[in-house]
Each structure stands twice: as C-alpha cells, then as structure tokens.
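Please treat every number below as a calculation from the coordinates, not as lab data. It should be emphasised that the depicted structure is a prediction, and the values quoted were computed from it without experimental measurement. Every residue, glycine among them, receives a Cβ derived from its backbone with ideal geometry; neighbour counts consider all protein chains shown.
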Amino acid sequence: MKLLDSIVTEAAAIVALRRDIHAHPELCFQEVRTADLVAARLTEWGIPVHRGLGGTGVVGIVKNGTSARAVGLRADMDALPMQEFNTFAHASKHAGKMHACGHDGHTAMLLAAARHFAKNRNFDGTVYLIFQPAEEGGGGAREMIKDGLFEKFPMEAVFGMHNWPGGQVGRFAVSPGPVMASTAEFKVTIHGKGGHGAMPHLGTDPVPIACQMVQAFQTIVSRNTKPVDAAVVSVTMIHSGEATNVIPDSCELQGTVRTFRAEVQDMIEARMKKIAEHVCAAHDATCEFEFQRNYPATVNSAPEAEFARQVMASIVGEANVQVQEPTMGAEDFAFMLQARPGAYCFIHNGDGGHRAMGHGAGPCLLHNPSYDFNDDLIPLGATYWVRLAEEWLAKGRA
C-alpha cells in the first residue's frame, strides 16, 4: 500500500477531528458546528473558503499554477436522527443524533487531503474541496447545485466516496454505470365506510382492500418489470383503526420504490396508481395516491470510473480494487453526477473489529446504532483523494 508520508504523519490529528465530529453530530441542514470546524481548519491551513451553498455547505479552493483545469472532491457532513448504542469516549453527546453512516469519516478523509494540499501542491490547476450538508434525505447536493456550485466553481469532473462495512480494509470498489438506486416514497390513503366490527356488510372495510393492494403491488416487479431491470417496491407502513370492534373509515399505506432506470420508475408509478384506483373501485372505495421522487440513481460515467480505478490500483494494487456491486440504497451525489462526469466509489471499512471498548452489541453496519467509522481508512482515503486530483489535473498535459 503506497500511502503518502505527509498524510500518515498527520493522521493522529485528523483522527482526533473525526472523533470530535462524531461526538457532536448534526442533522441535515443543521451542520453549523461541523461547517465551522471545517472552515476553520481550511482557513488555518491557508486554503480559501466559500460558505453558504446549500445552507451550511463549505467549499475549499486549492489553486496552483496557471491551468484553468479543475476537479471536485466531495464529502458529506450530516448525521442521522437515531440513538447511538456505543459508550466509548467519542460517542454522540446529543441524544437521538448519531454519525451512523460514516460522514464524520468522509469529512475527515477530505480534511486530511486538504492538509496535504496546503503543504504540497503538486499539480497545475484547481482542486475544489466540497463539504456537503444534508445527504441523509435532505438533498444537500441538489441544494448546493441550485445555489450555483458548478457555476461558481467550474470543474470538469466530480468524485465522491463512501465507506463500505464488511470488506477488508485496504480495498476499494468502483465500476461504470448505475451503482446506487433512485429512491421514491409513496402514500396511498384508502377511503371506505366505517361501522361496527360485528356488521361488516353495512360498511366498506378499507383494511382488506389495503391487504389486496399490498399483494398486487408485488406483482409489478415480478410481472411488469423486465427480469434484467432491478427494482424494489416495499410497503413499510400500514396505519388504520383505533378499536378492535370498529371498522375504520380509512387505511393508509406508505413505502419506498427503488430502481436504477428512470423508465422503470415511471412504469412502477403508473402501475401502482392504476392498481390502487382499480382495487378500490372493485370494493366501492376510493383512494388518494401520492408518489414523491427523491434521489435519482447514482450513475458513474465510464471514463471517470476507469480513471478512478487506475488511481486506486496504483495505491493498493489491482487485486484490491473490486467490481462495485450496485446497491438499492440511494445517494444524493447522484445530482452532482447528473451535472458533471464523475465516479462514486466505495472504500472498505472492515468487519467492526476496529471499534474501541464500549461499542454497542450490534454489528458495525451502516445506519446501525453500534456503527463506528474505521480511522485506519483516513490515510488511505486521503491518499486516494490526493492522487486522484494530481493525476486528473496532469491528464492530457503535453
């Protein structure tokens, strides 16, 4: 493994920053303390800072030489609204908030790269360090773009990285094409006619209608979606009724839809709406159907994914750069990849053995209350960021 000495030397200080961020998690669009910490460190290291994109976003600007070429590196900063089970020294100090997805580590890896860039500008051009708010459902990438991210900071390509538990530390994964799914939420409110539970013939019971609807929704993936097109339709909430002897007036279904292609998402929405309306009509009920699209699919452009793979291989060797298996999880870096070419990769986080004494009883998985980022990744992730930027800006130069 070919790590940069200057990054290894500074690793302990960056680990301390990561643990400080972990202990003080902030939810989407509330990352004031985290943004202040990031901006303060960049300024201390002599890196100009722009603040306010997407509310709490921070962009560090590292220039060298005379080239107009530029590349963007992105890390997310927000935490999740969940209670941490860990009790080690850097566990969350704020009840109901936790860095359970490793965004504290993502921020730390980019800060480690920034620290190196401040002292060693071995490139000709500009590196934009993008510290993004609100990845966890807030669409912070979209909001930064709306506020002029790519107009204020014109870049040829943008790259992102996420830690991935389970894989051996020292390995990466990257591939062209879809790597994370789009996400949409649906809500169906069924309106029947309530009455006495002992006299169902006098009412229109929305509960069995909802049960038929849930079953029918599952046929969309199995019978309407091409077998080669991955898709998920999950009903995750059913709410109805208040008493055991009362047939309720209404029943509400909610859930999520995940796909890799917009055309598949369009088809699923249309089929769900038709099924909901027709199942209700068959039982003399009515319904309201809502379908909200959140994040698009995260799709790596082929040249940039291959470029990232080559950089990774130069650091950890070909055998330690794996094919990136697509996941039905979603990621708002997708918005950036719709606006610019780029690639989103995984850096393996280990099996949880790195966790300090006092960790929770659960596994070290993303969005698990016993999760913790593996600090051993910081020198490796930062080295990747530095080498990626240096080699990108050198690419094509005479």
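Remarks
- Largest GNM mean-square fluctuation among Ser301, Ser222, Ser250, using the chain with Cα springs under 10 Å: Ser222.
- For the chain, alpha-carbon Rg relative to the globular expectation (2.2 N^0.38 Å, N residues): 1.11
- Taking Cα atoms only, the orientation of helix 32-44 departs from the longest principal axis of the chain by about 10 degrees.
- Nitroxide proxy distance, nm - points 7 Å out along Cα→Cβ at Asp124 and Gln254: 5.6 nm
- Length gained on full extension, Asp376 to Thr9: 130.8 nm, using 0.36 nm per residue less the C-alpha separation.
- Between region 167-211 and region 215-238, the alpha-carbon centres lie 10 Å apart.
- When each of the peptides 6-19, 329-342 is scored by how many other beta carbons lie within 10 Å of its residues on average, the order from highest to lowest is 329-342, 6-19.
- Close amide H contacts of Ala70 (hydrogens built in the peptide plane, cut-off under 5 Å, sequence separation of 5 or more or a different chain): Thr126, Glu156.
- When both bridge partners sit in the chain, DSSP labels roughly 70% of those beta bridges antiparallel.
- For region 59-97 versus region 354-381, the gap between their alpha-carbon centres in whole angstrom: 16 Å
- Degrees, to the nearest 10: 262-282 long Cα axis against longest axis of the chain: 20 degrees
- Cα-Cα separations in region 182-293 greater than 18 Å, expressed as whole percent: 48 percent
- Crossing angle, helix 377-394 versus the chain [Cα axis fit, 0-90 degrees, rounded to tens]: 70 degrees
- Built amide H within the under 5 Å cut-off of Thr327, gap 5+: Met180, Ala181
- The peptide list 151-164, 94-107, 32-45, put in order of mean Cβ contacts within 10 Å with the highest first, becomes 94-107, 151-164, 32-45.
- For region 60-198, the antiparallel share of DSSP beta bridges with both residues in that region comes to about 35%.
- Among 176-183, 371-378, 121-128, 73-80, sorting by the average number of other beta carbon atoms lying within 10 angstrom of each residue, highest first, gives 73-80, 371-378, 176-183, 121-128.
- Distances between placed amide hydrogens fall under 5 Å for Ala184 paired with Val257, Asn294, all partners being 5 or more residues away or on another chain.
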